[in-house]
Amino acid sequence: MSSQWQSLADMADSVQTGRVKAADLVAQALKTIEQKKEFNAVISLTAERAGLRAQEIDQRIKDGEKIGPLAGIPFIAKDNFLTYGGETTAASNILKGFNAPYQATAINKLEAAGAIVVAKANLDAFAHGGSTENSDFMVTKNPHDDSRVPGGSSGGSAAAVVLDMVPFALGTDTGGSIRQPASFSGAVGLKPTYGLVSRSGVVAMASSTDVIGPLARTVADAALVLDVMAGKDPLDATSIDSNTAGYTINKPASKKISGKIGVVKEYMDSIVDDGVKRHIEQVIHTLEQNGAHIEAVSLPSLPLALACYYIICPAEVSSNLSRYDGQRYGYTQPNAQNIEESYIWSRSEGFGKEAKRRIMLGTYVLSSGYYDAYYKKAQQLRTKIIREFEMSFQNVDFLLGPVTPTTAFKIGQKAADPLEMYLQDTMTVAINLAGAPAMSVPAGKSNGLPVGLQLIAPMRADRELLLMAHDIEELLLP
Ligand code: GLN
């Protein structure tokens, strides 16, 4: 991807050595956001605070201070990250006007490394969706074809990176929301191991599968961002320690691919678009010709993963959304006469259709009489899926397949049919249920639209995943 930005490491070095000013990088990002605003990638700017932070960083550098590995680098956070300097809405009317009293740990860590949030990206409200069409505010357009969706729910973040507004953006991935928009829009998208990045200060969707990760132009940039964000956080009991070797990539990519890679049969079989299928097969062939040991691998429960996810995820969503009661955050219905009315009217008016659908599905599968039939069964299936991943990684180092059954679809094409929309997640949700790390690596185009290659690694093998993706990226460069 040609870009106005250099690698994150090079830019941070230029800022640290005084050759480039943080204030100029921030101005450049804000200018590009303004020039490309018709794509609707951004909900709001944090321009004033960003400007002050840039000035402060430039001053500290002048005073001889060492800033950090992301000195002066502007980025965009999905609007479900709590940030200072403006509202955090999760693209939902119920959070309109909400100013976060504290920031997400991930944002604090990036700021401590010198990075600067310049804007908040659009998403499907509360991250429920795969196209940004569930945003209560606007639909983001695909950078390659503005009649198509950018993917979702981190669609604004993916589009912002591909539109070159910023060198990287943050997303969240509960069932595919980093990898799928990365694939649809042509960015690198990394979903780390569950727990590797603290979820503190990120609007919860389904707490047992939510993860935070970067969308970037290159694998090395994504690795550096992960390196800064990763690690145990006392504010998130599910967080885990980073690999002591860290995640940054300091070696040049090798065009020789080493390792055993299993091609997931169930994913190859569920590709809908022939162009995508031919394309992925070609990529696999290229990997094989360049040293990869490829074999077919079957995880027989994968076809059931979508049903499993759409029970467990709404169950957790229904619980997590109960805190939006019209009293504590954002929107309160002004005409309610008593507390009961206030709860009902605030929630009825504040939530969009998809949030309501998930609350109803979630409370249904958790209710007495249905709990055993749906929720408990789904949890049992989840354990089976986890075991199948573990077993397959006894024989191969990585698993591989497509990210999505098709390339980016047209705006409006699936919006009226929730099941059609859910089917987009066929190849991503099982990995969230298992907790494993996975990436979407740009693998060229089919009929003019980006195709992503999905690479999956064992739990906590994020470093190995990134190194492998780094080599594959180099090999597939146009
Ligand atoms: N598209 C999936 C869903 O709608 C995944 C969402 C996500 O990862 N946030 O649930």
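The values are calculated or read from the model by the stated rules, or taken from the named source; none is laboratory data. Just so we're clear, the structure is a prediction, and the values are computed from it rather than from any experiment. Virtual Cβ from ideal backbone geometry, glycine too; neighbours counted across all protein chains shown. Side chains included, ligands, DNA and RNA excluded: accessible areas come from the protein's heavy atoms. Shrake-Rupley method; radii C 1.70, N 1.55, O 1.52, S 1.80 Å.
Within the shell defined by Cβ-Cβ distances under 15 Å, the residues around residue 280 carry a net charge of -1, with Lys and Arg each +1 and Asp and Glu each -1.
For a protection proxy built on the mean count of beta-carbon atoms within 10 angstrom, sort 13-26, 370-383 highest first, please.
Numbers: 13-26: 18.2, 370-383: 15.3.
Order by mean packing, descending: 13-26, 370-383.
When peptides 97-107, 449-459, 236-246 are ranked by their average number of other Cβ atoms within 10 Å per residue, the highest-first order is 449-459, 97-107, 236-246.
Please report, as a whole percent, how much of the solvent-accessible surface of the chain comes from carbon and sulfur atoms (probe radius 1.4 Å). It would help to have the intermediate numbers written out before the result.
On the way: 9440 of 18180 Å².
The C+S portion of the solvent-accessible surface of the chain is 52 percent.
FRET efficiency for the residue 255 to residue 145 pair, using the beta carbon distance and R₀ = 35 Å, is estimated at 0.65. Projected label points at residue 14 and residue 298, each 7 Å from Cα along the beta carbon direction, are separated by 5.3 nanometres.
The slack in the chain from residue 335 to residue 232, taken as 0.36 nm per residue of separation less the alpha-carbon distance, amounts to 32.6 nm.
Using a Förster distance of 35 angstrom, determine the FRET efficiency expected from the C-beta separation of residue 349 and residue 384, and round it to 0.05. Step by step, r from the Cβ atoms, then E = 0.30. Ligands, DNA and RNA are left out, and with a 1.4 angstrom probe the accessible area of region 106-227 is 13 Å² per residue. Taking every C-alpha pair closer than 8 Å and separated by at least 6 residues, the mean separation divided by the residue count of the chain gives a relative contact order of 17 percent.
Projected label points at residue 391 and residue 327, each 7 Å from Cα along the beta carbon direction, are separated by 4.9 nanometres. In region 337-478, the C-alpha radius of gyration followed by the widest Cα-Cα span (Dmax) gives 20.1, 65 angstrom. Across region 438-465, the residues whose backbone nitrogen lies under 18 Å from the label position 7 Å along the beta-carbon direction of residue 7 are 442, 463-465. Average accessible surface for region 295-343: 47 Å² per residue, computed with a 1.4 Å probe over protein heavy atoms with every protein chain in place. Averaging over all projection directions, the Cα-based convex hull of the chain occupies 21.6 nm² in the image plane. Beta-bridge orientation, the chain: approximately 65 percent antiparallel, per DSSP, counting only bridges with both partners inside. Here the label points at residue 60 and residue 269, each 7 Å from Cα along the C-beta direction, are separated by 5.4 nm in the simple model.
Given a Förster radius of 56 Å and the C-beta distance between residue 31 and residue 372 as r, what FRET efficiency does 1/(1 + (r/R0)^6) yield to the nearest 0.05? Working shown, then result.
Details: r = 57 Å, r/R0 = 1.02.
Step by step, r from the Cβ atoms, then E = 0.45.
Of the listed peptides 430-440, 264-274, 287-297, what is their order by residue-averaged count of other C-beta atoms within 10 Å, with the highest listed first? Could you put the intermediate results ahead of the total?
On the way: 430-440: 27.7, 264-274: 17.1, 287-297: 15.5.
Highest-to-lowest ranking by the protection proxy: 430-440, 264-274, 287-297.
For region 195-296, what does the relative contact order come out to in percent, with C-alpha contacts under 8 Å and a separation of six or more?
26 percent
Summed over the residues of region 366-441 and divided among them, the accessible surface reaches 43 Å² per residue at a probe radius of 1.4 Å. For the residue pairs 141/445; 356/384; 96/356; 414/445, alpha carbon separations beyond 24 Å are given by 356/384.
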